[in-house]
């Protein structure tokens, strides 16, 4: 048994709806590894239970697993607004979001988050960023004015398979963008932060 197997065997299992979505993601979509999956999904669910947000904004929907994992831990009246730039993803994902059994609503918005989010005038309690790595700093600065003291931003893939400390990837654009983001957050006195070595790295950033 690997350490990953051991961790998963000692982590609360996902509910039946998330299990079915994860299976469908692996059967029908390219790059199913992009879905959050069991371990990260349970972390997101528990964080929502602890933080009790009313409004969550996600950038990067993919199959909807992370959005639904968060919704599963939220109370009635809460909502997740999730942005996906790839309109080809909508046919698969939207039915799963709309058919979810959770009390929190999940609203899928297809298009450019930089154009569509600001006019919505949201007061964001939690943000989850998991989209184009080259835009992470831009996403961060887009979201920060809509957040308040105590708001939390989660950013996925911030260790980038360990490439952030591997000199062989110094000229890789994706790696450079993630390193720029990590440095940007670390230097920002508006927040406190840590990087969890979970999956591919998950940054937890709290607005002071």
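The values are calculated or read from the model by the stated rules, or taken from the named source; none is laboratory data. Keep in mind the model is a prediction, meaning the values are calculated, not measured. We place every Cβ from the backbone using ideal geometry, glycine too, and count neighbours over all the protein chains shown.
Return the residue satisfying two criteria in turn: it lies in the stretch 136-160 and is part of a helix (DSSP H, G or I) and under 16 Å from residue 177 (Cβ atoms), and of such residues it is modelled with the lowest pLDDT. Talk me through it step by step, then tell me what you get.
First, the residues of the stretch 136-160 that are part of a helix (DSSP H, G or I): 136-146, 160.
Still in the running and under 16 Å from residue 177 (Cβ atoms): 136-142, 160.
On the way: 136: 98, 137: 98, 138: 98, 139: 98, 140: 98, 141: 98, 142: 98, 160: 95.
Filtering the stretch 136-160 for residues that are part of a helix (DSSP H, G or I) and under 16 Å from residue 177 (Cβ atoms), the one modelled with the lowest pLDDT comes out as 160.
Working only within the stretch 78-107, note down all residues that are under 17 Å from residue 21 (Cα atoms), part of a helix (DSSP H, G or I), without any contact (Cβ under 8 Å) to a residue 24 or more places away in the chain and out of contact with any strand residue (DSSP E or B) (no Cβ under 9 Å at 6 or more places or on another chain).
Matches in the stretch 78-107: 91, 95.
Conditions (1) crowded, with 24+ Cβ neighbours inside 10 Å; (2) outside any helix (DSSP H, G or I); (3) at pLDDT 95 or above, marked per residue:
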{"site": "42", "(1), (2), (3)": "no, no, yes"}
{"site": "50", "(1), (2), (3)": "no, no, yes"}
{"site": "61", "(1), (2), (3)": "yes, yes, yes"}
{"site": "76", "(1), (2), (3)": "no, yes, yes"}
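What's the number of the condition residue 198 fails, among (1) in contact with a strand residue (DSSP E or B) (Cβ under 6 Å, 6 or more places away or on another chain); (2) in contact (Cβ under 8 Å) with a residue 60 or more places away in the chain; (3) in a loop (DSSP other than H, G, I, E, B)?
All conditions pass for residue 198, except number (1).
Can you pull out the residues in the stretch 8-21 that are more than 20 Å from residue 131 (Cβ to Cβ) and surrounded by 13 or more Cβ atoms within 10 Å (Cβ to Cβ)?
Step one: filter the stretch 8-21 for residues more than 20 Å from residue 131 (Cβ to Cβ), giving 8-20.
Residues satisfying the conditions are 8, 11, 14, 15, 17, 18.
For the condition farther than 17 Å from residue 152 by Cβ and within 11 Å of the chain's Cα centre (by Cα), what is the one hit in 82, 61? Step through it out loud before you land on a result.
Details: 82 fails: farther than 17 Å from residue 152 by Cβ.
Step by step, each of 82, 61 is checked, and only 61 is farther than 17 Å from residue 152 by Cβ and within 11 Å of the chain's Cα centre (by Cα).
Looking at the stretch 108-128, is at least one residue crowded, with 22+ Cβ neighbours inside 10 Å, in contact (Cβ under 8 Å) with a residue 60 or more places away in the chain, under 21 Å from residue 21 (Cα atoms) and touching a strand residue (DSSP E or B) at 6+ places or on another chain (Cβ under 7 Å)?
Within the stretch 108-128, one or more residues are crowded, with 22+ Cβ neighbours inside 10 Å, in contact (Cβ under 8 Å) with a residue 60 or more places away in the chain, under 21 Å from residue 21 (Cα atoms) and touching a strand residue (DSSP E or B) at 6+ places or on another chain (Cβ under 7 Å).
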